[in-house]
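Written below as structure tokens is the structure these notes are about.
The values are calculated or read from the model by the stated rules, or taken from the named source; none is laboratory data. Values in this document were obtained by computation on a predicted structure and should not be read as measured data. Neighbour counts run over all protein chains shown; Cβ positions are idealised from the backbone, glycine included. Heads up: the accessible areas ignore ligands, DNA and RNA and are worked out on the full protein's heavy atoms, side chains in. Shrake-Rupley method; radii C 1.70, N 1.55, O 1.52, S 1.80 Å.
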Amino acid sequence: MAVLACGLLVTALVTGITAHQAHQKDVNAFHAAAERTLDALDDTIARDVERAQNLALMIRAGARIDVEEPPSTREPASDSSLEFLAWLEPVTDSDQFRVTPLLSTTGGQAVASRLLETGNDGTRASRQALDRALESGKLTGNRDTVVFQVNGDATPGFMAFLPVSAGGAADGVIALGLRLDRLASIARDDRELTMHIFKGDRENLLLYGPGDNAGVAEHTDASALREQLHAQREFVIASQRWTAYLTPADRPTWLSATAAWPLLGGLVLTGMAGWLVRRQRSTTGALTGDLDQTRQQLQLLHRDYAATRETLDRETVARTTTEHCLDLLEGASGDAVLRLSESRMILNASPGVTQVLGLTPDELIGRSLASVVHHESPPGEPADTDNPEDNAELTFLASAADGTGYRLSGRLLRLPQGMSNAEAELLILRRPEATDATQAPLSDDPFREAFDRASTGMSLFHPETGHCLYVNQALCDILGYAQDELLNMTYHDLTHPADQHATREQLDAIRNASGDSFRVEKRYLHKTGRVLWVEVTGSLLRDNDGRELYVASQIRDITDQKQTEQALQRINHRHDLILNAAAEAIFGLDTRGRVVFANAAACHLLSREPATIEGQPLEALLRHRDDAVADDWPLQTCLEQKQFKQADGAVFRRGDGSLFPADYTVSPMVDDGHVTGAVVVMTDASERHEGEARFHSAFEDVAVGMALIALDGHFLRANAALCSLVGYDAEDLLAMRSTDLLHPEDREANYRTNRLLLDGGRPTGPVEQRLRHRDGGIAWALTSTSLVRDPGGEPRYLLKQAQDITPRKVAEAALRTSEARFRGIFEQAAVGMALLDGEEATVQQLNEALRTVLRCDVEALTGRPFVELIHAEDRHQVVAALASPSGGRGHTVHVRITGCQGTTSTMRLRLARIDDNRSGGNPLHLVQLDPGP
């Protein structure tokens, strides 16, 4: 039930959302179609009325209609709602009019011909509308509906009259008739809509529906239309107000086809979900019963499996224990251990076979035991070893790689049945017995004791295979391995992969040179994987015949030494990088003043290569005359007194012979109270000297007044331009404070500016200040102030610049006086005046007299081209005067000018250009207008 309820709820929700979206889409489509229809209706009415107005304009312009021979009547255009368009001309000495149709349909021509006949209400209403039009002089329409007869049917319409006059009295009247059904047909949209047109809000004139059924509509209440989905718009035609309502022909429904599909699909899916739920419950019940039976059977099988598993585990544990013991025995033993099958085939071999037999385990597995026994058995030894006694001592003669034989002693053990998968034997072979050629090297007890107790790691290894033959405890401590572990390894196993070649190359070198010792530093690997640096000193030992026996080596752990050397190298490298990266030239000197170090900046400063500097006395390198660098070269004093020395502005010589100024310091190097040398740090002062020279030139030679002012306000320095500006000598200014020159009203602002700079603010822009001249007058200056800081960022002094703007201030005052005088004359003049700006002569300013003549306010004329006020026939005179080289100066023309109220007056216009060089090149004209003859 829950599934069904959820399905129905989701279905209702989806259906509701879909229905709402479909309904909203229909509503939006209706409003779009309604707006298009109303726009078309509005455009058609405006176009038809415009036809009548254009005809009136043509008649006013001089066109005449010959009523005696009228033009042929034409049909209205297809996009026009006109039933007729006629010209009414008054009959002389009568109140009647002669009707001449110009545009008319067949029925419309008859209506136009009977337009002013008396005898019915319609013609009386038309006559009344005509009289109102003649009285008002405007387009006036019938107050009542006009009914046209079209193909015998009554069609509602509308009539209007437009008087046309040229000199005051009406020359005639234009009459037009509109058919409302044609209006509706022209405006009809593709969507089916119902149209109601009301006269005001009362009379229902027309119903336009989806079946192309245009005609007189039944009366409909406008308030009822506004309560449903609708669109409306008001039209004003010939002073008569009309209201058009549009409603959909078919009212949108909430449950459309779009919403019905989700509803149907949701109901189907809900039904299927209910059926599936019932089927799933039935299936679940059947499966539950089957699972219970299966669970019982599994419990029985589990008990049987547990009993069987317990038996197998006991047998597996016993077998695994036996195999593990055998593997331990084979891996841990230093002897060779072979596992043999019943046929004496080698099944497995321990790692010790490599040292005992010279073969690897992989090379032995799969071979017969007899293949490793020398084919010539010594006399007295049994050749058949197939049936020895269990655990009996056996002697074998094995064959080495060079074909020589050696004896093996071992023991053969039979593995009891049940301790392996099949019957097998275990053969344990001991190391080869020593012969004369391979006599144990440490048989001498005193030598062996010294070998074992040595604090340095020592070892003996085979010269060819590299196997360790003997190692002492010190080497075991170095490498972290036990002695037995090392005896099963080669020196290759202990050497770092990158150093595998080192010992081999040393052995090859002493062999080729018939030498017997070598020394090499290489890396070993500790048992933990840690890298060790060792120094290996080795000797190649030979027998009396010159055959190589073994290599005796001493191994010393030098890891700490290597780490110290590497750290020292890194420190020295870092120091070199730091010194070479320094921008200052740095020299290291010994006690005799010779250069022991010079960084890259020092070589660049002296224009010398490092090889030509090191080892040379620095004083000789810097000498620029035959005598010493300077009598006060401070090196010796620095070394003797152990004191820091500094000098600025010294002149030295480069390697190419050029001279340069430099600032330098000399510092002694003291180690445990003894002077070991000195460090000289030198900086090229060329740029500073050049900067000081440029500053002096810029400060003294510039035409702008400049001064350096201490933080307490006293002058530190003043140039000639500032002295000329204020009338004081430089010596007089140095005894004054900067505020003594300022006008009292400007001192507070000056203080705030200085305080802002000292607090870390940005320099202010130029400000105008009044300076007190020595003669008591005032000098105007455009000043700017900036703060100069020392290399440590601390304020040093203020830099003040002052530009003389006194002439500009005097000119500005005179200009303000002139402008005030001009504005007074301009505004109080009895003649209309205006200022015109630019090529288009737009109105920039106009006085009260001109505003009164034109009956315009300032906003209506400002920014408007002046020629738009001139009558079209007189504009060419004004345009020509404006374009003349003299700017119309002295030109006087009579023009007709139209004011803002539409009145036209003839006035005398005088034009003069008063500014030809304004910014941007736009001229400025003065216009005077006054009534003239």
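Below 28 Å, Cα to Cα, which lysines can residue 522 reach? Residues fewer than 8 away in the same chain don't count. Cα-Cα hits under 28 Å: 562. Protein-only accessible surface at a 1.4 angstrom probe places the residues 58, 345 in the order 58, 345, largest first. For residue 562, the accessible surface of its heavy atoms amounts to roughly 40 Å² (probe 1.4 Å, protein chains only, rounded to the nearest 10). Could you compute the net charge surrounding residue 900? Neighbours are other residues with a C-beta less than 13 Å from the C-beta of residue 900; K and R count +1, D and E count -1. So the environment of residue 900 carries a net charge of 0. What whole-number distance in Å separates the alpha-carbon centres of the range 656-709 and the range 1-46? If we compute the Cα centre of each part, the gap is 87 Å. For residue 809, a cut-off of 27 angstrom between C-alpha atoms picks up these lysines, skipping any fewer than 8 places away in its own chain: 800.
Measuring r between the beta carbons of residue 700 and residue 676 and using R0 = 56 Å, the FRET efficiency lands at 0.65.
When +1 charges are put on Lys and Arg Cβ atoms and -1 charges on Asp and Glu Cβ atoms, the dipole computed for the range 702-810 relative to its Cα centre reaches about 280 debye. Between the residues 734, 807, 721, the greatest Cα displacement towards the positive end of the dipole of the range 702-810, with unit charges on the Cβ of Lys, Arg, Asp and Glu, is found for 807. Residue 138: which lysines have alpha carbons under 24 Å from its alpha carbon, excluding same-chain residues fewer than 8 sequence positions away? Residue 138 reaches 199. Positive contributions from Lys and Arg (+1) and negative ones from Asp and Glu (-1), summed over other residues with Cβ under 11 Å from the Cβ of residue 486, come out at -2. What the Cβ-Cβ distance of residue 636 and residue 892 gives, at R0 = 60 Å and to the nearest 0.05, is a FRET efficiency of 0.05. Placing dummy labels 7 Å off each Cα toward the beta-carbon, the span from residue 517 to residue 566 is 2.9 nm. Compactness check for the range 448-564: Cα Rg over 2.2 N^0.38 Å is 1.02.
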